[in-house]
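Every number in this text was worked out from the coordinates using simple rules, so none of it is lab data. Quick caveat: nothing in here was measured; it's all calculated off a predicted structure. We place every Cβ from the backbone using ideal geometry, glycine too, and count neighbours over all the protein chains shown.
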Amino acid sequence: MESGLRSSSHLIQPEQLRLIADSCPGDVLLIEQVDRLSRLTSSDWQRLRSELDARQICVVALDLPTSWMLTAPADDFTARMFGAVNSMMLDVLAAVARKDYEDRRRRQAQGQAKANAAGNDTCARVTLDDRILT
């Protein structure tokens, strides 16, 4: 596996790297949601997609119904059509996952800046009352 595939939102987690490296052509990568695989920048997503395509790994996501259809035998035309639709939808969901990630980070930074301006401590501290524990 290419060393440029980094971890976290910068590319992919170490166990995912190992999973992809251990995969064989035709293997299915089953994920709960596309955002669990990718919150990547466009260029990083393209690199990951290229790696998955080169290894002929089929991504099946529970939140992407067109991906399920790729696991069932079909005639060549149907397989190609669903493959194209699934590829486009996978790209769209990866872009949405990245936008959600960036929006969340932006809102978090705005909240921290507002709290700092108001003189509030932005670190959440939890204190437990001894009476609760007894």
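With θ taken as phi - 60° and the Karplus curve 6.51 cos²θ - 1.76 cosθ + 1.60 applied, the whole-hertz 3J(HN,Hα) list for the range 25-30 is x, x, 5, 10, 9, 8 Hz, x standing for glycine and proline. Look at the Cα gyration tensor of the range 8-133: its axes a ≥ b ≥ c give a/c of at least 1.5 with a/b over b/c, and that counts as prolate.
Among the trypsin sites (Lys or Arg not before Pro) found in the range 16-105, not one is both in a DSSP coil and sparsely packed, with 14 or fewer other Cβ atoms within 10 Å of its Cβ.
Once the Cβ-Cβ distance between Leu30 and Gln112 is put in as r, and R0 is 35 Å, what FRET efficiency do you end up with, to the nearest 0.05? So, using R0 = 35 Å, E works out to roughly 0.45.
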